[in-house]
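Notes for the one structure printed next.
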Amino acid sequence: MTTLQAPNSAGMATALARDYAVQVDINYGTAQSGTPEWVFVMGLNKVSPSNDITLQDDGDIHSNGRKSQIATAIGENLEIAGLRKGNLSAGFVADPGQEKLRSHGEDIGAANTAHVRYWRTDGIDEAKEGYFAASWVSAADDKEGLYGFTCTLTGKGQHKKIAKPTAPTAKTITLPSGSTGGTFTVTVDGQSTPGIAYNATAAAVKTALEAMTTIGAGKAEVTGSTGGPYTVNLPGTVSTVTASGTSLTPSGTVAVA
């Protein structure tokens, strides 16, 4: 009889601790609540999801003197830590993701609640979104050290598993030079916009795109001058983007690259 042994693990890959991403909804708690705008929390060197489990004794006199416990509640928590980082474009402008969490962590009541999502960026199936009570601690206790922080996020209610966010689909839409009137259309995964004026603003193009079910409200970013070219960011689930300029004056080809 041979004792069962685990196989040799020398050929197995080891997951890296750093393969996490964390985003906070900067619209939560503002007049735009309900339309999430996700920004990354940058400068992280620690991401630690944890479960806080409440156990109750469910043993009885018939368990032969053995203890027994059962979980009756669970808290889904997240602790992150890192270095305070920002941009030097106009003085020091702190990272907006860090600043949003700090603002929650320095308030009370409903204003203390943060809307956060996090996921593994490797193949491990771990991605969640939820609401958290935020506690923020700044760390500048070493005169020769770097300015750091710890943010403890204590879960509120049940968090939901989500599909891992995908990188946006980026396109540039360019109308033919010399267009003097008429309209053009954009088709996304088989669904087309109504005619968009040849001299439309970026905001008008955004409105037309977001009216399609293949994109949805709040899921398109459009920049550019009146009449284009337009730089467009669409959800990562989008696969095909084309455009038509047959109704332009004069008729021409609208390039999508």
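The values are calculated or read from the model by the stated rules, or taken from the named source; none is laboratory data. This is a predicted model, so every value here is computed, not measured. All Cβ positions, even for glycine, are placed from backbone atoms using ideal geometry, and neighbour counts span all protein chains on display. Note: areas computed on protein heavy atoms with side chains; ligands, DNA, RNA excluded. Shrake-Rupley method; radii C 1.70, N 1.55, O 1.52, S 1.80 Å.
Observations on the model:
- Any hit, the stretch 50-69, residues being surrounded by 11 or more Cβ atoms within 10 Å (Cβ to Cβ) and under 16 Å from Val116 (Cβ atoms): yes
- The set of residues from the stretch 151-174 being among the hydroxyl-bearing types (Ser, Thr, Tyr) and over 20 Å from the mean Cα position of the chain (by Cα) comprises Thr172, Thr174.
- Ala163 vs. criteria open to solvent by 40 Å² or more (accessible area, probe 1.4 Å), within 30 Å of Ala114 (Cβ to Cβ) and either in a loop (DSSP other than H, G, I, E, B) or of a type in the set (Asp, Glu) (or both): yes
- Taken as a whole, the stretch 174-183 holds at least one residue that is out of contact with any strand residue (DSSP E or B) (no Cβ under 9 Å at 6 or more places or on another chain) and either assigned to a strand (DSSP E or B) or open to solvent by 70 Å² or more (accessible area, probe 1.4 Å) (or both).
- Residue that is surrounded by the most Cβ atoms within 10 Å (Cβ to Cβ) [pool: residues in the stretch 109-126 that are part of a strand (DSSP E or B) and among the β-branched types (Val, Ile, Thr)]: Val116
Conditions (1) touching a residue at least 12 places away in the same chain (Cβ under 8 Å); (2) open to solvent by 40 Å² or more (accessible area, probe 1.4 Å); (3) over 14 Å from Val41 (Cα atoms); (4) of a type outside the set (A, V, I, L, M), marked per residue:
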position: Gly97; (1), (2), (3), (4): yes, no, no, yes
position: Lys100; (1), (2), (3), (4): yes, no, no, yes
position: His104; (1), (2), (3), (4): yes, no, no, yes
position: Asp107; (1), (2), (3), (4): no, yes, yes, yes
position: Gly130; (1), (2), (3), (4): yes, no, yes, yes
position: Trp136; (1), (2), (3), (4): yes, no, no, yes
position: Asp141; (1), (2), (3), (4): no, yes, yes, yes
position: Leu146; (1), (2), (3), (4): yes, yes, yes, no
position: Cys151; (1), (2), (3), (4): yes, no, no, yes
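- The set of residues from the stretch 1-60 being outside any loop (DSSP other than H, G, I, E, B) and β-branched (Val, Ile, Thr) comprises Val22, Val24, Val39, Val47, Ile53, Thr54.
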